[in-house]
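Have a look at the structure below before the remarks.
Every number here is computed from the coordinates shown, using simple stated rules; none is lab data. This one's a predicted model, so the numbers in the text were calculated from it and none came from an experiment. Reconstructed Cβ throughout: ideal geometry from the backbone, glycine too, with neighbour counts over all protein chains shown.
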Amino acid sequence: MTEKIIMTPFFVQLVEIFEVVAGGLITSILFSFFAIKIANWAGLIDIPGSASHKKNSRPFPQAGGIAIILCALVLMTVFRL
């Protein structure tokens, strides 16, 4: 016996939400990886001790905003948000 899945409007909406969340997760991971590589290449690094208010113990790339904006643009384009 094979049972047929009834596609209620709620279920369809739930699937669409899952697609957007999964797409956002995948694109944010990919863009974050490339943003870190680009930040290291371009010298966009927060160096500890370069100012009195910086308390980090190791250098951190400062290109996270680039990854967030690119991820948002891709999601808006692909899912027409």
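Gain on full extension, evaluated as 0.36 nm per residue between F18 and L44 minus their Cα-Cα distance, stands at 6.0 nm. Rounded to the nearest 10 degrees, what's the angle between the helix 64-79 long axis and the longest principal axis of the chain, both from Cα atoms, 0 to 90? Helix 64-79 and the main axis of the chain meet at about 20 degrees. Between helix 9-42 and the chain there is an angle of about 20 degrees, using the helix long axis and the longest principal axis of the Cα atoms.
Estimated purely from DSSP H runs of n ≥ 4, each contributing -39500 (n - 2.57), the mean residue ellipticity at 222 nm for the chain is -22000 deg cm²/dmol once divided by its residues.
The calculated P(r) of the stretch 29-81, using every Cα pair and 5 Å bins from 0, goes 4, 20, 21, 18, 15, 10, 6, 4, 2 in percent. Summing Cβ point charges (Lys, Arg +1; Asp, Glu -1) relative to the Cα centre of the chain gives a dipole of roughly 360 debye.
GNM remark for the chain: springs join alpha carbons under 10 Å apart, and the peak mean-square fluctuation among L70, L25, L14 falls on L14.
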